[in-house]
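Novice: Here it is: the structure, laid out below.
Read the figures in this text as sums done on the coordinates, not as results from a lab. Quantities reported herein were computed from a predicted structural model and do not represent experimental measurements. Cβ sites come from the backbone with ideal geometry, for glycine too, and all protein chains shown count toward neighbours.
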Amino acid sequence: MRKSYRIKKESEFQDVFENGASVANRNFVIYTLKRDQKHFRVGISVGKKVGHTAVMRNQIKRYIRQSLLELKPDIDPQADFLVIARRSANQLDMAGTKKNLVHVMKLAGLLAESDVTTI
């Protein structure tokens, strides 16, 4: 994803975290905040409890980024959102990550129900 699609600043992370609505499933938590902008922005957080090594955490982040890239046309452009991986996310492969992200994003209202087919 290009830099314009990312939330990188701590202040922007905190704004979405404190003022946004949260939705979760077993593997991911998503905080969403609606804004007036031309495309969505996403922040990804994978803590040390999820993967003890940087290699594992980076692999989970790559899976999340690739899933979001594939879902890009269907994501609400007015949204800023944070994807926070839970501990059980380290046991997912690419297909499982995408399936779980689609599920939690539909719960959060970021995807239309009929727009996305799971895998």
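Novice: Ignoring everything except DSSP H segments at least 4 long, calculate the 222 nm mean residue ellipticity for the chain; use -39,500 (n - 2.57) per segment, divide by total residues, nearest 500.
Specialist: So the helix-based figure for the chain works out to -11500 deg cm²/dmol.
Novice: Taking amide H positions as placed 1.01 Å from N in the peptide plane, with prolines and chain starts having none, which residues 5 or more places from Ala21, or on another chain, fall under 5 Å of its amide H?
Specialist: Amide H neighbours of Ala21, under 5 Å, 5+ apart: Thr32.
Novice: So, with +1 on the Cβ of K and R and -1 on the Cβ of D and E, and no other charges, what is the size of the charge dipole of the chain about its Cα centre, to the nearest 20 debye?
Specialist: 560 debye
Novice: Using Cα pairs under 8 angstrom and six or more residues apart, how large is the relative contact order of the chain, in percent?
Specialist: Relative CO of the chain lands at 33 percent.
Novice: Also: Between (i) 1.05; (ii) 0.98; (iii) 0.93, which matches Rg/Rh (Cα atoms, Kirkwood Rh) calculated for the structure shown?
Specialist: Matching the structure shown: (iii).
Novice: State which entries of Lys3/Lys38; Lys48/Lys106; Lys48/Lys99; Lys8/Lys98; Lys49/Lys72 exceed 20 angstrom in Cα-Cα distance in the structure shown.
Specialist: Check vs 20 Å cut-off fails for Lys48/Lys106; Lys48/Lys99; Lys8/Lys98; Lys49/Lys72.
Novice: Taking the Cα centre of the chain as the origin and placing charges on Cβ (Lys, Arg +1; Asp, Glu -1), which of Val42, Ile60, Phe17 is farthest toward the positive end of the dipole?
Specialist: Positive-most Cα among the choices belongs to Ile60.
Novice: Using only Cα atoms, locate the centre of the range 79-113 and the centre of the range 5-23, then give the distance between them in Å, rounded to an integer.
Specialist: 16 Å
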